[in-house]
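Structure, as structure tokens:
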Amino acid sequence: MKKKKVLIHGTADSLQKFFADAVSRDFEIVALLSEENISSNFEVFAPQNLPKSFQKLIDGIIFTDNDKSPVRFFLEQDFEPRKIILWTEQGWEYFIGRDEDGTQVIYFCGLEFHIRNEKDANFFNETRWRLQTNRHFKNMPPQFYPQILARDFQQHTGKPLDFNNITLFTEKLQWLKIFDATPIKSRLADKYAVRSWIAEKIGDEYLIPLLGVWDDFDDINFDDLPEKFVLKCNHGSGMNIIVRDKNSFDVQNAREKINSWLAIDYSYLFLELHYTRIDRKIIAEKFMTDKNLPQPTDYKFYSFAGNPIYCLNISDRATSLKQDFFDMNWNVTNIEMSDYPPSDHPEKISPPKNFELMKKLAATLAEGFAFVRVDFYEIEGKVYFGEMTFVPGAGNFYYKSEGTDEYLGGLLKLPDATPPTLL
């Protein structure tokens with residue numbers, strides 16, 4: 001994702017503090033706005049002397065002090081509210097306006113959120129937390145990462161985490177997040193870049209057809225897309241919109257969601273450092289359906305040192321998600337995770353018709369990795385690649401089934417450490 005071209009407004013002191021903040025690296029500074037005489041390498045304008053043509057050339061103005069009179073000045077000059085970005089030493093701030101129909105609109109960090117219901121409000125609050133978390137970790141030296149992960153691990157599992165003595169699978173997942181963030185993992189975690197690697201390793205016939213790729217939401221021509229499709233961001237998890245009917249598709253809501261996702265550096269949310277190096281993009285894929293199922297069943301192969309050991313079967317995703325683990329002979333196991341329950345009768349679940357092929361493909365893709373989960377779909381009798389996941393659930397879960405964490409931990413042989421660096 002390209003840097004935003006911005007103007008910066010503030011006092012000498014507030015500007016100095018902004019430039020010392022790690023978030024300043026996300027922006028390309030075009031000029032400074034100030035009433036003061038500031039020594040800098042940038043051209044300095046007083047707000048009232050700023051040519052109106054600048055609005056078309058920039059992505060925003062960042063205000064770094066508590067003086068709101070320049071903000072009011074630009075709003076009175078019909079400056080786009082979403083381009084007004086408020087920054088303080090404590091982080092990003094927001095302000096509230098109203099749409100033409102009276103809908104509350106929140107402007108935050110160059111983004112806008114139309115708040116029509118509780119779901120919209122929750123999405124804004126989640127985005128706000130994510131961006132503040134991004135800023136927090138960007139300003140933290142990497143040597144503190146283990147301490148942070150240990151704290152979060154105990155909050156999620158109730159267990160202490162000592163990086164000098166790790167044996168459990170969930171503990172080792174935390175270790176992998178910061179000590180095995182290799183460039184190849186970054187490529188394969190990228191939902192766009194991984195496609196070329198899959199084509200090289202097993203063939204492009206296993207890829208869901210790609211309909212388009214863009215850097216900016218407003219570059220998408222929806223007239224060129226079919227009636228059904230899936231929009232995704234390529235740099236994280238859970239960043240997708242399923243469009244089943246383009247005629248009823250809420251483009252504004254999709255724009256707000258996708259722009260918010262693009263603003264997030266996913267590697268900083270849970271310190272999954274392999275998500276860094278990803279050039280953030282939007283992709284559209286063909287909508288894939290299997291008979292009358294609302295979503296196709298996916299099969300997730302837990303693979304250790306290139307060997308698939310278990311297959312996680314996800315069902316009832318659209319209603320009440322269930323998780324069932326099977327061994328490589330499709331025997332039901334007793335594995336149960338903390339996040340979702342197993343089915344009532346997993347023994348009645350049939351294996352996919354292409355189970356043997358999936359096992360072979362998973363082994364091929366997992367080769368060379370201490371651990372990776374390789375996901376597939378089976379749609380109308382054909383296998384399609386889903387994704388490569390190196391840290392399921394960010395490792396923030398526990399196993400209800402006794403002995404599972406210990407057993408899987410024994411299977412995972414950690415590679416040589418790669419020290420974490422600033423992202």
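Read-outs: derived from the displayed coordinates by stated rules, not from any lab. Computed from a predicted structure; not experimentally measured. All Cβ positions, even for glycine, are placed from backbone atoms using ideal geometry, and neighbour counts span all protein chains on display.
Quick notes on this one:
- Whether the range 180-288 is rounded, prolate or oblate, judged on the alpha carbon gyration tensor where a/c under 1.5 counts as rounded: oblate
- Summarising the amide proton neighbourhood of Lys4: residues at separation of 5 or more, or on other chains, whose placed amide H is nearer than 5 Å comprise Glu28.
- Put in order of Cβ neighbour count within 10 Å, fewest first, the listed residues Asp250, Asp375 become Asp250, Asp375.
- ³J(HN,Hα) computed for each position of the range 320-334 - Karplus, 6.51 cos²θ - 1.76 cosθ + 1.60, integer Hz, glycine/proline x: 9, 4, 10, 10, 10, 9, 10, 7, 6, 10, 6, 8, 5, 9, 9
- Protection proxy ranking of 191-203, 174-186, by the mean of other Cβ atoms within 10 Å over each peptide's residues and highest first, is 174-186, 191-203.
- Amide H within-cut-off set for Ile208, under 5 Å, with H built and near neighbours excluded: Phe385
- Greater than 21 Å apart at Cα, pairs in Lys246/Lys300; Lys201/Lys359; Lys2/Lys68; Lys177/Lys201: Lys246/Lys300; Lys2/Lys68; Lys177/Lys201
- Restriction of the GluC sites (Glu not before Pro) in the range 385-423 to DSSP coil positions whose beta-carbon has at most 13 other beta-carbons within 10 angstrom yields Glu402.
- The chain shape via C-alpha gyration tensor axes, a/c threshold 1.5: prolate
- Estimated from helices alone, the mean residue ellipticity of the chain at 222 nm is -8000 deg cm²/dmol (sum of -39500 (n - 2.57) over DSSP H runs with n ≥ 4, per residue).
- Amide H contacts for Ile309 (H built 1.01 Å from N in the peptide plane; partners 5 or more residues away or on another chain; cut-off under 5 Å): Tyr302, Ser303, Phe304.
- When you count the other C-beta atoms within 10 angstrom of each residue and take the mean per peptide, 7-16, 96-105 line up highest first as 7-16, 96-105.
- In terms of its C-alpha gyration tensor, the range 4-138 comes out oblate, because a/c is 1.5 or above while a/b does not outweigh b/c.
- Estimated dipole of the range 180-288 in Debye, rounded to 20 [Cβ of Lys and Arg +1, of Asp and Glu -1, Cα centre]: 320 debye
- At full extension, Asp339 and Leu57 could sit 96.8 nm farther apart than now, given 0.36 nm per residue minus the alpha carbon distance.
- When you count the other C-beta atoms within 10 angstrom of each residue and take the mean per peptide, 255-261, 132-138 line up highest first as 255-261, 132-138.
- DSSP-defined antiparallel bridges as percent of all bridges, the range 4-138, nearest 5: 45 percent
- Karplus-derived 3J(HN,Hα) values for the range 92-100, using 6.51 cos²θ - 1.76 cosθ + 1.60 with θ = phi - 60°, are 7, 10, 10, 9, 10, x, 10, 7, 4 Hz; glycine and proline are entered as x.
- Magnitude of the charge dipole, the chain, Cβ model with Lys/Arg +1 and Asp/Glu -1, debye to 20: 500 debye
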